[in-house]
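Okay, so here's the structure we're looking at.
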Amino acid sequence: MTGGNLPGLKGQPEVLNGPFTTRQLLRLDEALRLADSSTGLTFSIYVGDLDEPVRGHAERLHGQLADPPHSVLIAVSPNQRVLEIVTGGEARRRLPDRAAKLAALSMAAAFGGGDLAGGLVAGLSQLADHAGRH
């Protein structure tokens, strides 16, 4: 689950049954790659149901990433209408909670309009812009 991967969307059956078209998956993959390369951090996305408490589940997923201290996980559960952004210790120095909250508000607005992929792409861009170059 490194940058450029879409945790929760790996494997043919899940992708075929997932919420994204092939074009949207390509846009998301490109947005992840750009965010990773421009910041030196590792961005990942998880889309799927989250166990309660959702923040704890998102934190456990983040802990399974290859380099948690330098990683940012965007966990979205459309069915539960939940969005969590988890940053590792090093990533948090460049992405304070305020920046994550602003990106979350932007993503939530797009999600509310029915644009899951567009919201994730915009959120990744905002987070990467705030984190700046490495």
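The values are calculated or read from the model by the stated rules, or taken from the named source; none is laboratory data. Only a predicted model underlies this, so the values are computations on that prediction, with no experimental measurement involved. Note: ideal-geometry Cβ built from the backbone for every residue, glycine included; neighbour counts use all protein chains shown. Just so you know, the surface numbers come from the protein's heavy atoms only, side chains and all, with ligands and any DNA or RNA stripped out. Shrake-Rupley method; radii C 1.70, N 1.55, O 1.52, S 1.80 Å.
Could you tell me which of the residues 130, 62, 70, 134 is closer than 21 Å to residue 18 by Cβ, out of contact with any Cys (no Cβ under 8 Å at 6 or more places or on another chain) and not hydroxyl-bearing (Ser, Thr, Tyr)?
Selected residue: 62, the only one of 130, 62, 70, 134 that is closer than 21 Å to residue 18 by Cβ, out of contact with any Cys (no Cβ under 8 Å at 6 or more places or on another chain) and not hydroxyl-bearing (Ser, Thr, Tyr).
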Working carefully through the options 116, 124, find the one that is within 13 Å of residue 73 (Cβ to Cβ) and surrounded by 15 or more Cβ atoms within 10 Å (Cβ to Cβ). 124
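Scan the stretch 38-46 and give yes if some residue there is of a type in the set (Ser, Thr, Tyr), modelled with pLDDT of 95 or more, more than 15 Å from the chain's Cα centre (by Cα) and open to solvent by less than 60 Å² (accessible area, probe 1.4 Å), otherwise no.
As a first pass, look at the stretch 38-46 and keep what is of a type in the set (Ser, Thr, Tyr): 38-39, 42, 44, 46.
If we keep only those that are modelled with pLDDT of 95 or more as well, we get 38-39, 42, 44, 46.
Those left that are additionally more than 15 Å from the chain's Cα centre (by Cα): 38.
Filter once more, so that each one left must be open to solvent by less than 60 Å² (accessible area, probe 1.4 Å): 38.
Checked against the condition, which is being of a type in the set (Ser, Thr, Tyr), modelled with pLDDT of 95 or more, more than 15 Å from the chain's Cα centre (by Cα) and open to solvent by less than 60 Å² (accessible area, probe 1.4 Å), the stretch 38-46 yields at least one hit.
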The residue that is farthest from the chain's Cα centre (by Cα), considering only those in the stretch 15-37 that are among the aliphatic types (A, V, I, L, M) and more than 26 Å from residue 63 (Cβ to Cβ), is 16
Any idea which of (1) more than 23 Å from residue 40 (Cβ to Cβ); (2) surrounded by fewer than 19 Cβ atoms within 10 Å (Cβ to Cβ) is the one residue 96 doesn't satisfy? (1)
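Could you check how many residues of the stretch 49-91 are hydroxyl-bearing (Ser, Thr, Tyr) and farther than 16 Å from residue 127 by Cα?
Taking the stretch 49-91 and keeping what is hydroxyl-bearing (Ser, Thr, Tyr), we get 71, 77, 87.
When the remaining residues are screened for being farther than 16 Å from residue 127 by Cα, the result is 77.
The qualifying residues number 1.
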Got a sec? Which helices (runs of 4 or more DSSP H) wholly within the stretch 12-78 have at least 2 residues that are in contact with an Asp or Glu (Cβ under 7 Å, 6 or more places away or on another chain) and not small (Gly, Ala, Ser)? 54-63
State which residue is least open to solvent (accessible area, probe 1.4 Å) when the search covers only the stretch 50-70 and only residues that are more than 17 Å from residue 104 (Cβ to Cβ) and among the small types (Gly, Ala, Ser). 56
